[in-house]
1. Kindly indicate the residue of region 52-66 that is assigned to a helix (DSSP H, G or I) and β-branched (Val, Ile, Thr) and also surrounded by the most Cβ atoms within 10 Å (Cβ to Cβ) among those meeting that condition.
2. Do we have Glu69 as in a loop (DSSP other than H, G, I, E, B) and modelled with pLDDT under 90 here?
3. Looking only at residues in region 1-51 that are more than 22 Å from Trp67 (Cα to Cα) and not in a helix (DSSP H, G or I), which one is modelled with the highest pLDDT?
4. Failed condition for Lys5, given (1) surrounded by 11 or more Cβ atoms within 10 Å (Cβ to Cβ); (2) in contact (Cβ under 8 Å) with a residue 60 or more places away in the chain, with all others met?
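The values are calculated or read from the model by the stated rules, or taken from the named source; none is laboratory data. Because the structure is predicted, anything quoted here is derived from the model rather than measured. Please note: Cβ atoms are built from the backbone with ideal geometry, for glycine as well, and neighbour counts cover all protein chains shown.
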Amino acid sequence: MKQTKILNDTEIRIGGIEALNRALGPAAALRFLALVHREPTDYVEVSRQLYQGQTIEEIFERARQNWRE
């Protein structure tokens with residue numbers, strides 16, 4: 001069985017910023033980060049909207065498919 005590398009906080013931050021840059025472009029990624037930093041975020045509500053209509057099995061299956069080794 002292969003062992004999965006656990007990312008440290010810095011690696012997660014860098015990966016997240018890189019993903020934002022790819023998805024949104026540098027200017028919009030910077031705007032997004034500024035918005036998140038400036039405004040309080042209800043992460044429970046974000047999660048509800050993000051996973052609305054999905055079963056726990058679907059969520060975990062997608063996570064398994066996207067897990068990096």
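1. So the first thing to find is which residues in region 52-66 are assigned to a helix (DSSP H, G or I), and the list is 56-66.
Still in the running and β-branched (Val, Ile, Thr): 56, 59.
Numbers: Ile56: 8, Ile59: 12.
Looking at the filtered set, the residue picked out is Ile59.
2. On the way: in a loop (DSSP other than H, G, I, E, B): yes; modelled with pLDDT under 90: yes.
Judged against the criteria, Glu69 is a match.
3. Gly25
4. The single condition Lys5 does not satisfy is (1).
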